[in-house]
1. Across the range 72-77, in residue order, what do the Karplus-derived ³J(HN,Hα) couplings come to in whole Hz, using 6.51 cos²θ - 1.76 cosθ + 1.60 with θ = phi - 60° and x for Gly and Pro?
2. Want the number for Phe50 to Leu30: 0.36 nm per residue separation, take away the alpha-carbon distance, what's left?
3. Spelling out what I want: for every residue of the range 183-199, take phi, set θ = phi - 60°, compute 6.51 cos²θ - 1.76 cosθ + 1.60 (Karplus), and round to whole Hz; glycine and proline get x.
4. All other residues with a Cβ under 15 Å from the Cβ of His209 taken together, and with Lys, Arg as +1 and Asp, Glu as -1, what is their net charge?
5. Would you calculate the convex hull of the Cα atoms in the range 31-227 and tell me its volume per residue in Å³?
6. Stretched out fully, how many nm does the piece from Lys37 to Phe202 gain, at 0.36 nm a residue minus the Cα gap?
7. Would you give the gap between the C-alpha center of the range 144-185 and the C-alpha center of the range 100-134, rounded to a whole Å?
8. Extending each Cα 7 Å along its Cβ direction at Ala65 and Val101, get the distance between those two points in nm, one decimal.
Amino acid sequence: MSLMSPTARNDVVPGHVPAVVPARWRPVLLLVRPLIKAIDWAPIAVVTAFVAALLALVRAGEPLAGGDALVLMRIAGTLLGSAAAFALVDAMSADLGPAAVPRWVRQALRCALAGGVAVAVWSAAFLYALFRLPAGSLFPVGDLLVEMGVCLGIGLAAAATAVRYAPGRQAAMAGVVVQLGLVLATLLLPDQVWLWPPTCGFGFWDEAHRFWLAMLPLPYVWLALACRDLRR
């Protein structure tokens with residue numbers, strides 16, 4: 001014989017948010033599943049396949065040189081940041097009427113979902129590249145992850161800004177253009193301030209990555225401002 005009260009039984013109904021969750025957060029949690037279905041995952045899927053092919057085909061059957069692995073991870077970080085931008089396209093973004101969940105919450109969830117998948121794909125690619133490197137190779141995950149985090153933040157922030165003014169995929173493409181433009185512009189910097197040292201741990205590596213780390217919060221501040229409700 002069950003000793004569970006009717007309230008307790010309701011708490012374990014599939015899809016039901018447990019009563020221990022504060023009431024203000026229940027609409028947010030209930031929104032996760034619909035957003036997973038609503039987000040355009042195709043760009044991330046295409047980039048994932050492209051990165052996997054690159055990692056498999058570059059020096060196939062041989063150890064991966066450190067310089068090649070570095071370039072591949074930077075390509076992966078830049079492209080995944082661009083692909084995540086498409087998650088910010090929201091059919092409800094132009095709706096200024098009252099909603100159960102504010103626009104900034106919807107956009108923040110989209111960023112978290114797409115950004116989380118992008119970081120997971122990048123991390124898997126890093127582990128595979130690390131597995132293919134010769135023993136004892138220097139390949140600092142922290143520094144490279146900061147680079148990826150900046151690229152991802154710029155892609156999301158640029159797209160979040162674009163979708164405030166235009167609907168559909170063209171807004172995400174505008175975000176991608178801004179992100180790629182900023183990344184490519186850094187390639188033109190002089191050697192003394194170049195942000196993409198070609199060899200891990202040597203040359204201007206430490207100076208460059210102190211700058212990357214200092215810049216890391218900026219795109220996410222930009223992203224937070226861009227995700228505000230349109231009425232503000």
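1. Residue by residue, the range 72-77 yields 4, 5, 6, 4, 4, x Hz.
2. Numbers: separation 20, 0.36 × 20 = 7.20 nm, distance 3.30 nm.
Extra length available between Phe50 and Leu30 comes to 3.9 nm.
3. 5, 5, 4, 5, 6, 8, 5, x, 4, 5, 10, 5, 8, 10, x, x, 10
4. Numbers: positive: Arg74, Arg210; negative: Asp143, Glu147, Asp206, Glu207.
Taking every other residue near His209 into account, the sum is -2.
5. Details: hull volume 22.3 nm³, N = 197.
So the per-residue hull volume is 113 Å³.
6. Details: separation 165, 0.36 × 165 = 59.40 nm, distance 4.45 nm.
In short, 55.0 nm is gained.
7. Centre-to-centre distance over Cα atoms comes out at 15 Å.
8. A separation of 4.8 nm, rounded to one decimal place.
Only the coordinates and a few stated rules stand behind these numbers; no lab work does. Note that the coordinates shown come from a computational prediction; the quantities given were computed from them, not determined experimentally. Quick reminder, even Gly has a Cβ in these numbers, built from the backbone with ideal geometry, and neighbours come from all protein chains shown.
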